[in-house]
1. In the Gaussian network model of chain C, springs joining C-alpha atoms below 10 Å, which of C:GLY138, C:GLY82, C:GLY34 carries the largest mean-square fluctuation?
2. Based on a Kirkwood Rh over C-alpha pairs, give the Stokes-Einstein translational diffusion coefficient of chain A at 25 °C and viscosity 0.890 mPa s in µm²/s.
3. Restricting everything to alpha-carbon atoms, can you work out Rg to Rh for the stretch A:179-284 with a Kirkwood hydrodynamic radius?
4. Cβ under 10 Å from C:ILE125's Cβ, C:ILE125 left aside: what net charge do those residues give with Lys, Arg +1 and Asp, Glu -1?
5. Using only protein heavy atoms and a 1.4 Å probe, how much accessible area in total is buried between C and A, to the nearest 100 Å²?
6. Mind giving me the nanometre distance, one decimal, between the label points for B:LYS138 and C:ALA81, set 7 Å out from Cα along Cα→Cβ?
7. Residues in the stretch B:615-642, backbone N under 15 Å from the label point at B:ASP400 (7 Å along the Cα-to-beta-carbon vector): list them, ranges by number please.
8. Can you grab the distance from the C-alpha centre of the stretch B:130-161 to the C-alpha centre of the stretch B:460-481, Å, no decimals?
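The values are calculated or read from the model by the stated rules, or taken from the named source; none is laboratory data. Not measured: the values here are computed from a predicted model. For neighbour counting, all protein chains shown are included, and Cβ atoms are generated from backbone atoms with ideal geometry for every residue, glycine included. Protein only, heavy atoms only, side chains kept; ligands, DNA and RNA dropped before computing areas. Shrake-Rupley method; radii C 1.70, N 1.55, O 1.52, S 1.80 Å.
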Amino acid sequence: MFPAAFEYRRAQSIDDAIAALAEFGEDARILAGGQSLIPAMRYRLARPSALVDINAIGELGYLRERNGFLTIGALARDFALETASLIRERYPLLADTSAVVADPVVRQTGTVVGSLCHNDPAGDWPVTSLAARAEVTLRGPNGSRTVAIDDFIVDSFTTAAGSGEVATEVRFPSPNARTAGSFQKIERKVGDFATASAAAYLTLAPDGTIGKAGIAIGAVGPTALRVAVAETLLEGKKPTKELIREAAREAEKLADPTADNRGSVEFKKAMAGVLAGRAMTAALGRLGVGGLE
Amino acid sequence: MTASIGVAMKRKEDPRFIRGRGRYLDDIVLPNMLYLALVHSPYPHARIKSIDKSKALALPGVKAVITGEDLDAAKLEWLPTFHGYDKQMVLAFGKALYQYQEVAGVVATSREIAEDGVELVEVEYEPLDPVVNPFQSKEDKIILRDDRESKTNHIYHWEVGDKEKTAAALDSSAVRIKERILSPRCHPAPLEPCGIVADMNKATGRLTVYMTSQAPHVHRTAFSLVTGIPEDKIHFISPDVGGGFGNKVPVYPGYVVATVASVIIGVPVKWVETRTENLTTTGFARDYHMDVEIGATNDGRVTALKVSTTADHGAFDAAADPRKYPAGLFGIVTGSYDFPTAFAEVDAYFTNKAPGGIAYRCSFRVTEASYAIERSMDILARKLDMDPAELRRRNFVAKDKFPYSSPLGFVYDSGDYEATLRKALDKIGYDSLRKEQAEKRKRGELMGIGISTFTEVVGAGPGKHFDILGIKMFDSAEIRIHPTGSGIVRAGTRHQGQGHETTYAQIVGEELGLDPQELLVEEGDTDTAPYGLGTYASRSTPVAGAALAMAARRIREKAKKIAAHLMEVSEADVEWSDYKFNVKGIPGKSVTMKDVAFAAYTNPPPATEPGLEATYYYDPPNMTFPNGAYVAVVDVDRDTGHVQVRRFLAVDDCGVVVNPMIVEGQIHGGLTEGFAMAFMQQIVYDDAGNHLNTNFTDYLVPTALETPHWETDRTVTPSPHHPIGAKGVGESPNVGSPQAFVNAVMDALAPLGVTHLDMPLTREKVWRAIREAEAKT
Amino acid sequence: MKITVTVNGSAYTREVEPRMLLAYFLRDVLGLTGTHVGCDSSSCGVCVVALDGERAVKSCTMFAVQADGHEITTVEGLEQAGKLHALQQGFWDQHGLQCGFCTPGMLMTSYVLLKHRPNPSDAEIRTAIAGNLCRCTGYQNIVKAVRQAAGELAAEPVAAAAGG
């Protein structure tokens, strides 16, 4: 299983990478973790004419809070989030996600930004990014722009990034004390893509009602999906078992999966609902609201 | 000198593996070596209209493109299959008969260029309607094999037992159950793919073949028969093999094409398959649709067993069974139970799928048989509202009935099924588990306990019944002791991780009072190893292990003469005990085997040949019959259908145990494979004939996180006919465990009225059963 | 392309195509056949090596050109001055291997694990090796092997710092 031939360029800076993309044209690809791209190349499903390797751009490996955001550079590996106490303590939704992406070896090389750019319908990071309302920064020949995740995700394996642009960062708004999330995933075994997944990111208002809600489901549509109806349902209300069940039903309704080895349409939709419910319950549990199981 | 048998000796083969210095097939590099890659059919059934090699041949680095037409011209297009009743195409010729069937081979100077060349071969196909279901195949509306004389998809009918008596007994039984039980198509998937380096040396006239082979001598003979090259001019070497599980028994098209390429071009040619090729073209396992009927009295004594099986063999009958057993050892289907009468029949059909059928530690269809009887006994227990352990106990072949002649023709050597089950139930705390289950059921929680008390049959086999391509299924050992008391031991088997380099040394060390650390064990090289039938179907310890003991005893016979000579006594006064030659009545007067070894070369008795060696070819008098009692405890998530295996206990009886650490390792591995089969593995072809599980993202191997913790124990009921009482164990966990898992899940779902679900018990399958049951209430 | 890769402490300069996978560079170009290839989809882990001493990498999912200027440790680099690494000893003592094909990958994944987490629980070991498949052992003895090695390395802090 050997890829078709391609050209290789190692970029020393972001500008270097942008210039290389321009030089090689639209069949060139950025190589960061490569954990999705290289397997596709080995099957010859992906046949880029050139790879622009950005792994030498050390400045992109950051994972830090800045100006009200958690900023994750393009070379921050899943493993960095999996092991960082900052993430475990302040961003449990991201801690949950980073513990179940792919497998523990792939996580040492795979990147969050790379996963968002790849935008596999069954990928985990797009789901979490939707729930937590992340933003992606793109840099290209015409400068820099920041795109909200809802606009960044366009279609299966398709994002708003232009062929000459490099995604340099994803950032998550830093939570206040009354915000928590949870990521739930069903996979047949470690390393499998999700059969279904769900992320809930909830902020409680001072009066104990749900202030802001982010609910997203994954592997049950052409892309990860925001369950906007569920969010609207939750906002302003006191969390109850029935409310969660209603919101979970909306997730099941919205889910639009295709049948495959992982399950039928009916099963995947049902699991999207079950996991959305479990994600909401777990998020609320982290906020000290119990008894909702 | 202390005992070597029963010792948990660390493995002698490990030092090279832990250093990454094993020598596997793809590690072999020969000068001027070329690489072979294969072109595959995208269609499950199609006429091949044309193959255009020109673009591939024009690619720099491509040295040859070989098609079925080329092979046919050289009379090498058709291979005999193992049990001889069919033949198979090497490369698709005229027709492609399954998706991914090999259509052409490209030989090039590098792996990458060979794959580039594969992309450039242009094949014109005319798709035909595929047949993907054996019941559909049975109708003979589309005949798949126009190369065969009889134009039918029905391959054979096989039966054993008393059909009339069984039918009558079933009809007159007070209680009767009937169930269609599927043993689904799956695949052994060892981590090392199959491969070959074929090296035709025109200067010496010898063909050297390195091959991932579980049976190098048989492969050498087969290659000789197919190519016409005499066996003395063929040298087969099976190097370190990264897992076999039956996958490395058949002869695959890639092997033949690489050999032909080497013969034509005159340089070594290497072919190593991709994982996709492994899963889509090499020998699958199972695919038996079994209709099982059991009759019983009201108090749970079984009266009769009938099993009618529809077998899906794929496009060729390449099931690697011994010649007289087209359905393998399926007749073991009466299992551990004393059925007064039984009848079993198998009808096999061609379909547009890859060929195979005998693999994945199946002991020749014993996995299928054991699964059928153990599932059915549980279904019967439920119908009788009887505890499944009690039903089994009531029907076990009693301890005093051995050797036991089953109604389907086997003579079981020994067993104490009651003791094995009792040990398992005591250890797992069966009674308190049932109490816990009763409490949980009140709260609607789904907890299940599943039992499997299996008896299987291994050690193929007695020459009067068992042969492969006509060669009797004996096995062999050759032992030579050196002057300074160490030795070399060669056997006709070929391990792929089972630890023969250690266990064989232990067997010989025990017999000869020599240190196993100083007995070098070799297998796999046909120029030096005595002829053997290879390692599969758990036959190594029963057959080669016996040969080793018997060869060692021949050495001891001669050694006794030498000892008598050394001690200046008559042979009649010498006895072997405590690992020494002692003189009767004179304590303290003794010589060791080491003393004898030195004397064999320096001071042999008059009229005795110098040296100290022996060979033994062992034709076993019978098979051996290991048994076990396995218990699984599971908890089922009602909302997702996920099954959590809370506990699993395996109590095995494989007779005398040579190395308990190695036996335990075999059990762990087999239980993990059984777990995979029960919950996540199946090779599925859709209605259009597309193979849906072509790589490890779609054919699932469990990781350390899904895999349960295994508890193991043993009972020991020696085999009375085996020289050291050993029975073999490698396949028992695969034979015994899937049904324990499935029985446990069915037990958990019993309050919902679910009676049977087929493997694999995916979350969806369990979830759906729960939803359907809830809808009824 | 000309690349220089340091493998097990020795620098190798070779001319390679960009599409050559690191696994095949190690095996076919350098003759270090301890690193194996077992699948097409980056699922099995028999190809795992250590990158720059701190990251376990599937060498079938990395190009040799990416390793230019970097350090790779393979299974052949574990033994130092004739002394087995504690992990190798652990696998041998605890019967953590049967056919040996997954073993180099298991060793290298565990090697990196113990660098990041010197005292892992059994659950943490199982999690860490969940990217490495084994068909023979059922993982149970592999966990015991890694646990033994962790204990050995903890008991020899000086030796671990020097060469581990």
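1. Sorting by GNM fluctuation, first place goes to C:GLY82.
2. Stokes-Einstein gives a translational diffusion coefficient of 127 µm²/s.
3. In the stretch A:179-284, Rg relative to Rh is 0.99.
4. Summing Lys and Arg as +1 and Asp and Glu as -1 gives +2.
5. Buried area (both sides, nearest 100 Å²): 2500 Å².
6. 7.2 nm
7. Within reach of a label on B:ASP400, which here means backbone N under 15 Å from a point 7 Å along Cα→Cβ, the stretch B:615-642 contributes nothing.
8. So the separation of the two Cα centres works out to 33 Å.
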